[in-house]
Structures are given as structure tokens and as C-alpha cells.
Amino acid sequence: MPRFRTSYLVAASLAFFLLIFLVVPVGKVIYVAFQDSSTGAFTLVNFVDFFKTSLFRESFFNSLYVAGMSVLGATIFAVPLAYFTTRFNFGGSILIQTLGIIPLIMPPFVGAVAMQLFFGTNGSVNLLLDQWFGINIPFMKGLNGVILVESIHYFPFILINLSAALNNIDRSMEEAAQNLGSSGMSLFRKIVFPLAMPGYLAGAALVFLKAFDDLGTPLLLNVNNMLAPQAYLRITSIGISDPMGYVISVILVVFSLFALWGSMLASKGKDYSGGGKGTSGLLKRDLHGWEKFGAYCLVIFLLLLVLSPHISLVLLSLGTIWSYSVLPDGYTFAHYAEVFGTTREYITNTLLYAGLAAGFDVVFSVAIAYIVLRTKVIGRQWLDYIATGALAIPGVVLGIGYLRTFNDFNVPIIDKPLASWWVIIVIALAIRRLPYALRACVAALHQVSISLEEASENLGAGKTTTVRKITVPLMAGGIVAGFVTSFATAAVELSATLMLVTSESDAPLAYGIYVFMQSASGRGPGAALGLIAVVVVAVGSYLAHHFIERNKRMQMSATGN
Amino acid sequence: MSLVSRVKAVRLRIEDLHISFGSTKVLEGINLEIEPGEFFAFLGPSGSGKSTLLRAIAGFGPDPQGKIRIDDEDIGGLPPWKRNVGMVFQNYALWPHLSVEKNVAFGLEEQKMAKAEIGERVKEALDLVGLYHLVNRHPSQLSGGQQQRIALARTIVTRPRLLLLDEPLSNLDANLRVQMRTDILKLQRALGMTTIFVTHDQEEANTISDRMAVLDKGIIQQVGSPLDLYDNPVNRFVAHFLGTTNMIEGEVVSSDGKTCFIGKEGIEIPLDNSLDGNHGVVVFRPQSIQINTKIVDDSAVNLDGVVDSLEFLGSVVRYSVRVGDSNILVDQDHQRGKKIFEEKEAVVLAIQAQQLFFIRE
Amino acid sequence: MVFSGCSRVMLSRLALSAGLLTFLALPAQALENQLTVVTSFPKDLTNEFKQAFEKKYPDIKVEMLKKKTTAGVKYIQETVSNNTSDLFWASAPDAFEVLKEDGLLEKYTVKATGIPDVVGSYPINDPDGYYKGFAASGYGMMWNTRYLKAKKIPAPKEWNDLAKAVYHGHTGMSAPSRSGTTHLTVETILQGENWDNGWKLMKEIAGNFSTVTERSFGVPDGVNSGQFGVGIVIDFFGLSSQASGFPVEFIYPTVTTLVPANIAIIKNSPHPEAAAAFIEYLLSEEGQVMLLDPKIRRLPVRPETYSQAPDDFPNPFTDQSIGAKVQFDVLKSKSRYNLVNAMFDVMITYRLDDLRKATKAVQDAEEAMGDKNNAQAAALIAEAKALIAQLPIDEAQSLDKDFAGIFKKKRKKATDKVTGRQAEVEQKWDAMVKKNYAKATELAKKAKAML
């Protein structure tokens, strides 16, 4: 049984990697959660404390509420965009799909400043509202603010996955319904959406998990009554080693896995792969008159809304002084001039790290998705769970874990601790962004009919050849989605990076932004650097997309002849 | 039973229909009239536009120019969901997330029919295709033939004005295909619904349809009954597509009061003198040729040739006979003990004049 | 320096050469041609010193590794076994204390002379000789002029002003648990006003907060962008914002606190000589003058440097209003460091909404009261204020070693017995605080209804 052995071998090496770079380092940090602070013995008393503490209970429900509402918000943003661009002849569909990914690339610090300047209590929108109507809408206050930002920030997860799923639905499925008198919302609700459910769930699960575990947004909005910031504040306070921080981390991980498991249950048996027969590749419909006008208005409104942080970032990077006013006082290119000299190294490092990390994530995700969905390896589900659990690990915990685990391990040849070699940053990014790619790849493999692989095996191709020549090309859409999300988000990741950067020459853009955003005069240059990060990542993602799509087309046309 | 009671049959008229995908013209100048209650086939090779035409009737695909009328109503501008034109898709398009019952009930629910009535109608429709016992299954649990019948039931349960079938048999195995063909025809006759059937298989079209339209390159080549098209094709394409045929290209010339077709290969065939001066092809079917070692019948057109190869097809033996520069196929009924000509054997082919059909080009 | 005796120098030299020896044992690394500084200071400051130092010592290449103070401490803690950093350079003395307690700092005796022991009332150097103060900064208030003008709010002058109703929802500060310098400010208030009154003032001010920021830079950032109007910040944040062109102003209140900025050599530093050279440079005339640069703007610890400063530059050695009022008790501060932070978070940071609501209710009631004479309402208001001000523990308990130990970093030995867990204690406090704030809100509303 060589096939059997190969899959076990692959599964074992995946498990080993996850063990070394995720489980052990994180375990080394969070074991404190299970330690009695007076005796050092194993105990669960800290968890009892957690549930006894009203602040934590409150935080738990706040996190849950925010995550749920963020999914709702993200759905509202994503569904029309995905539906219009995949179902109608819509000028700029590709542009919309590309722009739709940009909110994921929210550079640290500057993104939040930009949001505040736009939507804050005294931001542009509220200043105008106050001027015109004498009202002030607290978009950014408390949990509302977190929900708004999370919805905008993470809705691309749903957009990407839902669009892929919508594109994969056999055209005749909808036509059959139309033929039987169904149209509009009823058609969408009864046929289109249920058929796209696996893709939607994959995206929604990510939004939920991310909003639940996200640290950056609540911190930047100074919202403390949520789990992730509670954990972070307790872990990073100097001098305090309150085990509760780690207890919360454990709870975040456990709950995330639970939510993931729930989403898997929900999508079970909803494997609606087209099966290769029939007509996939949809014929798009034309829009007429008011329909068209309405659709464009909606899409433009949504785009403006989700891109508002970036629009504001552009203003910030070009503005002289922007303080308590609708727009900056004046405009200048000086900030770009200031960062220009220092950015080249940051950019190359960012592209290198994020590119390697995302490439690694994609390979890893395909392997895990395949093991989980196509083999009978015992315990295969755990590969998925553990890899996805990385989502809930605060970057700083992973960073500390790496320092603790790998500082004593000297890499041969370069003779440097692994913890201070730049490769460790790549590994950290890869581990942190693995869940994104993994969800996309699992969803993609769900949509590949197993009969297509069987056909290949039937024609004498071995498992490996089949995976390489049939499965992977058919998953291309999901792989691209996974690569782009991992790449884009890895490029602006800060928390683990900040812990692991050991010399300025190894530092990525996010570190550069951090350095600028520490002083008042650095806000403009920081925004300029942030915008450069966005552009670099957007171009990088686009090229990756383009490259993979072209390869796919070439393969398609080659097999077509 | 209410379903089995005949629906009011409608007349479908298509007037000067044009469809293009971007700059590519897919259908051009389609004019067609389908009689109430008729079982009509669109026959053509893939890429001929037959499916596009069917889909245009259902309202799918790019907006066509021209008119599509059901009785006197122009349905051309209506969206698919307002046409009340039933269509069965090639891949059946059963919704995997809905049970058989829900699939079949879908159209009725869209019509906001009362629950009780929906239940009744679903049962009737499923009984009609003999699959009521599968009512709670999901499509993934059904065989291809069962899916086909469910798809059919799902469509007819709404009593559409037209029934459109897009290559409904192409995904079935050979035996099932013959069976389904008969069943569909029976059902159509029982319901009396005007029906259009798309296929690329001429045998299927011949056996099932009252009339058919042969399409090629986006143009209707010929419309008529299967027999009529077989015997009187208007062009080479139709002649070829409806069955194996011999075709010789050449000119019709008159000399000495006799009119003769002179083939490029040097074949001479006497023809009716009204065709004088035309260029075209002479068409004749393999089974209308007699093969002998010598001339048997002087009144026939006799051609000398040499057997090139032969195939035994069961009921007939097919010879490929070299005449001049071209090969002519000859089908000879086979019976026990009948002489089989050998390769390289010199033969004479005899064709009765009325079997020869000249197509002017 | 008082204790810069000969033997001390000898000892530290020995320690240095020991470090050097272990360092030499490592292969493939060049000698003292490099210096790695882990720092939380902004680029404006680090770049200047890096360039000046490299100019003076052309052989040494300086690597400025920028990390948040918290991240820097963790970084040094976690890389101890294979240390590659030489210096830790940051503001917060508490960060240095933590490293010192973990034995991660190297003792060093400064050769430079002429630096006094205290600036204001705060000792410049670690009495144990591990870290050195090289500059000081004062706390004050910055405000956004456009904001105050638009909202018609007067500019504040003293800390007490920030407790006034007119500032409700318009101020911001960082949490002491997030920022060592903020902690010093809180502790100074607690020592200056005494425990009970200090917390009372702190809560009155905090009741007006629009937000408690996670980073200390979040405060100037918020004021600069007009998110809130007034921020309690360290002077260089305010003044550098102003210098960058933001419509903001900064003042020191009459009573301000001074916080030092420090530097220390990390244990087993791979380049101890370069590290020592950097410290000496920092404390030299030349290095101190650089602090006067408007982009850096820290108060030098060398008194004679002020002669080169611009006229309006505050001089803590001559101006008695800066940091002089309070006799800062370092030991007291140290013993209850984490406890004060935890109290602030439980009473203010995590319950800001409740505190704000209660404060607002009290302010409304007081406004309704005006000059009216309503003893019953006045009693209710007083009761509400007392409830808000009530503390879960008194000063004596805050100084109780065992109790403070609950909040301690970690057990030194497995046998160290700690009674109670932080989470347990905090839950008790939280329950009390939440109840008090709710009750205070209710009482104040009742009082208002009577007026």
C-alpha cells in the first residue's frame, strides 16, 4: 500500500512542522494558564477564576457579539458586490473585485488614525454632519466602532470566497429556477445563496474568528472590554505576569476551534460541486435602465464605504496638517520624499517575507486540505484544527514563544540563533496567516468533484500525478484567493514581527510604519509608508493573481485542444 | 387526472431572429413556425446554434433581435421567469440542496400555489414519471435516468405553454436512451404540449419528431418532416447530416439534345434537361445502388469501378468502390449465401435515375 | 558620583573583561565594531545619536533596534541565553527595574562627572548602579486649539481643572499599566496628595476621559487629530507635536512631575566596550547638548548644558516648580508598582463607561444645584461622590508586602508562597467598583430630580 504510506508520511511531516512551530512555542508560553501561581502545580483554578470574573464574562459576550455583528456587516458589504460582479455584465467587475481586497491591507497604526480622522467623533463625516444637521453619530465609539472596522476590514474574506463559489455554480442551476418562474431575491435566497453556501461559510467563519480574536482593532479604538485586548494587556504589561492573559488566550483558541467545528458541521453535506458536467462559467446578464442605475449606486456606495480608510490614508499621506477639520489644511509631497530613501529595503523585505510566507501557506494548505478531505488518515481533522487555531494566537504570544524556543538553537553555517535569523519572521508570518489560505483551499477542494480525480486515476495517473495535474489546477481559484489573502495580510502584520526583528536591515514595512508613527512629525511619512505598503501589496497580489490565472488559462487551453 | 388532461397547445412563431455573442454572430435570420401540439426537433452539429436558439426561446442568453411569438403574444422582451416556457436542461440541473419533492414543488411555490394543491400536483407529476417513491431523496442519491425523469417532472408540473428539451438524452446510456425516447414521446402525446427537442443525433430526431429544423453555422438549413429531409435535402450539409451519402460535384451540360451531368471524376450521369448550365452536386444514398460484376440494367446509370475495401455492418455490407478519382459507398443487403465482392474486383454500379438527386449550388 | 570608588571601577572592569572573554569564545564575530541598542525612542532621537556617535567612533556601527518598551523587555528576557543586544535605552524606569530584578542588566559606573544625584525630586540613577538617567521629561497637558475653540472650552492650567464638568468627554490619558511614565505621574499624584485624595482626584479627572489609550503615544495622536481635546502627556510629545505644525499647545501645571529617561548595559553584552562608550557619550557635554534639539527636546541631566538652551527652555535645576514639590519615594513606588497599575485598570480603564456615567450624573446634579440650598440633595451628591471615590484597599494594605506580592511578576522559587490570585482580588474590586458607580449614578440622578 504505497499510497497509504505516502499520505501518512505527508500528514506526519505536516503535523511535525505544526508541532515545532506552533504547538511547542505557544505551549511554552501559555502553560502558565494551567499553573497554580503559588505552587507551580497543574491546576484549572485559573479557568474557574475566568468564569467567576464579571469583567471576563462581559468581555466574552462582547467579543461574541462583535464577532456575530461583524459577520452580519461583512455579509451586507460583500454579498451585493459578489453577486453583481459575478452575475451581471458590470463595467469594472475586475476593478471592483480587486478593490474589494484592499480593505484587508490595513497598515498598522496609520489605518486606525485614518479611520478616526474620517469617522471619529470629530472626524470628517461627523464634522460635516454637525455642520449640516447638528448631529453626531458615534460610528467609532465602543463596540460599534469595533464592529464597523472589523466589518470593513474583513469583509473581503466573504467577498473572495463567495465570488469564487458563485462562479463555480453551474449556470443551469439558476436558469432552471428562472425557467420555473423564480427571479430576484427569491432566486437568490432559495437557489443561488444555498448553492454558494460552502464558500460563504468559509468566508463568514474567517470573519467571525478574526473579529473574535482580533486584537489590533479594539486596541486602536481603546476598547478594552473584549477578550483579545484583555489577554494582550495582561500579557504585555511590564512586570505583571498575570496568568489570566494566558488563560484568555487558551479560551480564545478553544472557542475559535469550536466555532470552526460548528462551521464545518454546517457545511457538511453541502458539497455542491458542479461535477464537471454542464455549463459552469456563467453567462452574465445585462442590466437595464433603473436596474443598472440602482446597482451602480449601491456598488459605488459600498466601495466608497469600504475604501474610506484608504481614501483617508491617501489624504493623510498628502496632507500637511490634518486636525479637527474635514480635510487637511494643505497638500504636499514632502512625506513621500522623506520616506523615499528608507523604503527600498523595507519593500524588498516585505515582498520577500510575505511572498515566501504566502507561498508556503498555499502549499501547506493544499496538503492539509487534501489530507483532510481525500484521505482516511487517522486524526486528519486535527491538522486542520491546529493550523486554524493559529488564528486565535496573539502575535505577541507567538513572538515570545519563538524567542523562547529558538533562541538557543543556532542555525548551522550562518551560526546565528534561529530566533534572530530573518527566516523566523517568515515562519511566524506563515503560521499566523496559514488559517486564511487553509480555509480558502479547503473550500476550493470541497468544490472539486472527486470523480474528476477518479477519472485521472482511472487513466493510470498515480495519486501524486493526479494531485499535481488535476486537483491543484482545479483548485486554482481557491489557491489564488488563499495566496492573496495570506500575502496581503502578512505584509502588514506587526505584532509578531515587532518581537522578532533583530536588525533594521531585516525589517519589513510594518516595522517602518511603527518607527514613524511614534512621533508627531512621523504621522505623514508613516501614512505615506502605509500607502506604499498598500500599493505594493495590491500590485503584488494582482500580479500573483494574474500569473496564476494565466497559467490556469494556458493549462485549460492546452487540455482543450 | 388533471395533469394528463391535455393542455391548450400553442403555436410558436420565430421571426427574423438574430443573436450575436459580442461580435460573433451565432444565429442569423431565423424564421420558424411550430404548430400547436407538434413535437419539433432542432438538429445540428455542436456549434450550430441549436441550443442557443432553444435558450433564446426560454429567455436565456444574449438579447436577440427579432420576434418570438407564442400564439399572438410576443415573448421576446420578457425575462425568463415570466415566459411560462418549461425547459429541461442537458445536465438536468436538479438543485442538490433540495429534496426531490422540493425540487418538483419549486415552480409551484413560485406561483404561490396553496400547499395542499402543491402536494397533489407534485404527486401527480412524480407518478407520471413513475418515481413517486423517491420523493424524499436528494438528487445526489439518484441515478442518471432517475434524475432525468425528476427534471422532466419538475418542468411539466407547472404546465408550461411550451416544453423545451435540451439534449435530454445525451447523458444516458444507449439502452436507457431508447427507453426514455419512447417515454418522452408518450408523455408529449398524452399532454399535447408543443415540444421542442434539441439533439445532434439524427436518429433521435428522426424517431421522435414530427418535424425538424436542421441548423448549421447559425442558419436554419431546412425544415421538414424527417422523411422529407432525408429524401430531399436542399444542400450538401443536410444531405450529409441526415445519413451516409455519396456526393459527386460537377456541371450540367447539354449537347446533342441530351443533358448530362459531368462529374469532376469523369462520371457522366444523364439528367433532366431543365437543369442545363448548372453547377452542383449529385447526391445518392449507398443503399440505392446495385453492385454487379457486369451491366444488368441498361436503363439505370451504370458506373464502372473497382472495389477498394469492404465492411460488414450486420444487415448490410458496405463497399467502397473506386470510380474515376472518387470513392462511392455502396450498401448491399446481406443474406446468407449472397455473393461478397472482393477487394480489387472490377464491378459495375447501377443507380436508378430517380434515386439521383441534383443539388444546384 | 558618591560611590564611584576605585574598587567599584575595578570590579566592573573585571565583569566587563569576563563578558569580553565569553564573547571572544564565540567564532566568526568581529571585535567591538558593532553596537546593538534595543530602544523605544523615536527615530528623531535615535538617528541623531546614532549618527553623532558613529562619527565620533567611525569603527563602530550602531544598530538601533526599535521595540515598544514592553516588547523590548520581553525580547531581552527571552534572548538572554544567546544575547546579541548591548544596550537597553528607554524612558520607563519600571522596565529597567524588571530587567534588573531578572538579573539581565550589567552594573556600570559612569566615568563622566558633574551630574547631580537628583533632578527635581527624582533620583537620576538607579541607586544599585544598574541603569543611568541621561535625560528627564516633565508631565503636563496638551490641547488642540481648534477643538477647544469649536467646543468653546477654556484651556486648562492645573491638574484640578481637568476634573471640571466643562471637560467632560474631552480629555484622554494613557493607562499606567501601559506606560511607565504615566505610572510615575499617577504615583506622584498619589504621593503628593496622599493615597485617598490622590485617587479621588485621579478618578475625578478620569471621569471626564473620552478614552484611556493603549499606547502612551495614543494621547498626543488623539489630540493632534482632534479625537479629543486635552491630553495628559509627557512634555516632548506636546512640544514636538507643536513643532510639527499641529494646532496644539502644551503647558506644565504649577506642580508637575519629572520622569527620567534611562540607559543600561545588558548582561553578557557582546560589545561591552562600545556600550560603555555610548553611555559616556550620552552623558558627555556633547551628548547632552543634543537633547536640546527641538525635535528631541529632553531635559538634560547635566546642569551646565542649560546655558546653551533657548530662553524658554525649562530648567529643573533652577525652576523649583518642576517636579520639586513632591519628595518622591522610590521604594514606596516600587513596592506597589503593579498594584497601583491593577487598581487603575480595574477602577478606571476597564470601567471607564460606568465611571463616566457616574461622573456625568454627579456633574449634572451639581449644576442643577448651583447656588440652591437643598440639604437633602447635597447629601445625596456628597454620598455619590464618596461612592465614586471609595477605594477597595487603603494605603497601608497597598504597602503590605504580601498583598502586593499577589501582583508580582513571578515566583522566585517554587517554595515562595503567595496567598490569593490576582484574578480573585481583581474580581472583588471590580464587583465593588461596578456597584459603587451604579449606585452613585442612581443617587446623583435622584438628587437632580429633587432640584
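Quick note: the coordinates plus some simple rules give every number you see, no bench work behind them. If you're wondering where the values come from, they're calculated on a predicted model, not measured in any experiment. FYI the Cβ positions are ideal-geometry reconstructions off the backbone, even for glycines, and counts take in every protein chain you see.
About its Cα centre, the dipole of the range B:126-260 is roughly 760 debye, where the only charges are +1 on Lys and Arg Cβ and -1 on Asp and Glu Cβ.
Report for the protein assembly as shown the percent antiparallel among DSSP-assigned beta bridges with both residues inside it, nearest 5. Display every interim value, and only then the final one.
Details: 92 of 127 bridges.
Rounded to the nearest five, the antiparallel share is 70 percent.
For helix B:100-110, what angle does its Cα long axis make with the longest principal axis of chain B, in degrees from 0 to 90 and rounded to 10? On a 0 to 90 degree scale, this one is about 80. The tail of the calculated P(r) for chain A, taken as Cα-Cα distances beyond 31 Å, holds 49 percent of the pairs. Backbone amide hydrogens, once placed in the peptide plane, bring C:Val119 within less than 5 Å of C:Ile124, excluding anything fewer than 5 places away on its chain. Among complete DSSP H helices in chain A, those whose alpha-carbon atoms stretch at least 18 Å along the helix's long axis and whose mean Kyte-Doolittle hydropathy reaches 1.6 are A:243-267, A:289-318.
Take the alpha carbon gyration tensor of the range B:225-361, find the square roots of its eigenvalues, order them as a ≥ b ≥ c, and report rounded if a/c is under 1.5; if not, report prolate when a/b exceeds b/c, else oblate.
Details: a/c = 2.01, a/b = 1.37, b/c = 1.46.
Oblate is the answer for the range B:225-361, as a/c is 1.5 or above yet b/c matches or exceeds a/b.
Think of the protein assembly as shown as having a plus end and a minus end, set by charges on the Cβ of Lys, Arg, Asp and Glu; of C:Val119, B:Ile14, A:Gly262, C:Val119 sits farthest toward the positive end of this dipole.
Can you sort A:Trp382, C:Trp199, A:Trp422 so the residue with the fewest Cβ neighbours within 10 Å comes first?
Fewest-to-most ranking of A:Trp382, C:Trp199, A:Trp422: A:Trp382, A:Trp422, C:Trp199.
3J(HN,Hα) along the range C:221-227, derived from phi through the Karplus expression 6.51 cos²θ - 1.76 cosθ + 1.60 where θ = phi - 60°, amounts to 4, x, 5, 4, 8, x, 5 Hz, with x in place of Gly and Pro. Counting Cβ atoms of other protein chains within 10 Å of each Cβ in C:33-46 and taking the mean gives 2.
Report, in deg cm²/dmol and to the nearest 500, the calculated mean residue ellipticity at 222 nm for chain A, where each DSSP H run with n ≥ 4 adds -39500 (n - 2.57) and the sum is divided by the residue count.
Values: 25 runs with 389 residues, N = 561.
Helices in chain A give a 222 nm mean residue ellipticity of -23000 deg cm²/dmol.
At 4 °C and 1.567 mPa s, what whole-number value in µm²/s does Stokes-Einstein give for the translational diffusion of the protein assembly as shown, with Rh from the Kirkwood sum over Cα pairs? Here the translational diffusion coefficient equals 35 µm²/s. The packing ranking, built from the mean of other Cβ atoms within 10 Å per residue, places the peptides C:328-335, A:347-354 in the order A:347-354, C:328-335, highest first.
Taken residue by residue and averaged, Cβ atoms of other chains lying within 10 Å of the Cβ of B:85-94 number 5.
When the listed pairs A:Lys141/C:Lys74; A:Lys292/B:Lys67; C:Lys200/C:Lys445; C:Lys74/C:Lys334 are checked against a 28 Å cut-off, the alpha-carbon distance exceeds it for A:Lys141/C:Lys74. With the cut-off at 1.5 for a/c, could you classify the range A:1-102 from its C-alpha gyration tensor as rounded, prolate or oblate? Taking the square roots of the gyration eigenvalues as a ≥ b ≥ c, the range A:1-102 is oblate.
Could you size up the charge dipole of the range B:290-361 around its Cα centre, putting +1 on the beta carbon of Lys and Arg and -1 on that of Asp and Glu, and report it in debye to the nearest 20?
200
Peptide packing: for C:290-300, A:473-483, the average count of neighbouring Cβ atoms within 10 Å per residue gives the ranking A:473-483, C:290-300, highest mean first. Go through A:Gly524, A:Gly540, A:Phe88 and say which Cα lies farthest out towards the positive end of the charge dipole of the range A:2-560; charges sit on Cβ, +1 for Lys and Arg, -1 for Asp and Glu. Ranked along the dipole, the leading option is A:Phe88.
Contact order normalised by length for the range C:179-272, with contacts defined as Cα pairs under 8 Å and 6 or more residues apart; what percent is it?
On the way: 51 pairs, mean separation 21.4, N = 94.
For the range C:179-272, the relative contact order is 23 percent.
Look at the stretch A:215-225: the mean tally of other chain Cβ atoms within 10 Å of its residues' Cβ atoms is 4. Taking the Cα-to-Cβ direction at A:Cys297 and at B:Asp308 and moving 7 Å from each Cα, how far apart do the two end points lie in nm? Roughly 7.1 nm, to one decimal.
Taken about its Cα centre, chain C carries a charge dipole of about 1180 debye when Lys and Arg each add +1 at the Cβ and Asp and Glu each add -1 at the Cβ.
For the range A:426-461 versus the range B:106-162, the spacing of their alpha-carbon centroids is 36 Å.
Amide H contacts of A:Asn136 (H built 1.01 Å from N, in plane; Pro and chain starts excluded): no residue 5 or more places away or on another chain comes under 5 Å.
Between C:Asp402 and C:Ala449, how high is the FRET efficiency from 1/(1 + (r/R0)^6) when r is the Cβ-Cβ distance and R₀ = 51 Å? Nearest 0.05.
The calculated FRET efficiency here is 0.65.
Placing a pseudo-label 7 Å from each Cα along the Cα-to-Cβ vector at B:Glu251 and A:Ala12 gives an inter-label distance of 8.4 nm.
Counting pairs of alpha carbon atoms under 8 Å apart in space and at least six apart in sequence, what relative contact order in percent does chain B give?
Values: 747 pairs, mean separation 58.5, N = 361.
Reported as a whole number, the value is 16 percent.
Put +1 on the Cβ of every Lys and Arg and -1 on every Asp and Glu Cβ in chain B; which of B:Gln355, B:Trp81, B:Val296 then has its Cα farthest towards the positive end of the dipole? Going by the Cα projections, it comes out as B:Trp81.
For B:Phe197, the residues whose modelled amide H falls within less than 5 Å of its own, excluding neighbours fewer than 5 places apart on the same chain, are B:Phe40, B:Ala41, B:Phe42, B:Leu165.
Label separation (C:Ala382 vs B:Leu185): 10.8 nm, computed from points 7 Å beyond Cα along the C-beta direction.
Peptides C:363-374, C:74-85 ranked from most to least packed give C:74-85, C:363-374, packing being the mean of other C-beta atoms within 10 angstrom over each peptide's residues. Out of all DSSP beta bridges in the range B:244-360, what portion is antiparallel? Express it as a percent rounded to 5. Rounded to the nearest five, the antiparallel share is 100 percent. Our summary gives chain A a relative contact order of 21 percent, counting only alpha carbon pairs under 8 angstrom and 6 or more residues apart. Assign one of three labels to the range C:232-360, namely rounded, prolate or oblate, based on the Cα gyration tensor with a ≥ b ≥ c the square roots of its eigenvalues; rounded applies when a/c is under 1.5, prolate when it is not and a/b is larger than b/c, and oblate otherwise. Cα axes put the range C:232-360 in the oblate bin.
Each residue of the range C:438-448 was assigned a 3J(HN,Hα) from its phi angle through the Karplus curve 6.51 cos²θ - 1.76 cosθ + 1.60 (θ = phi - 60°); the sequence is 5, 5, 4, 4, 4, 4, 5, 5, 5, 4, 5 Hz, with glycine and proline shown as x.
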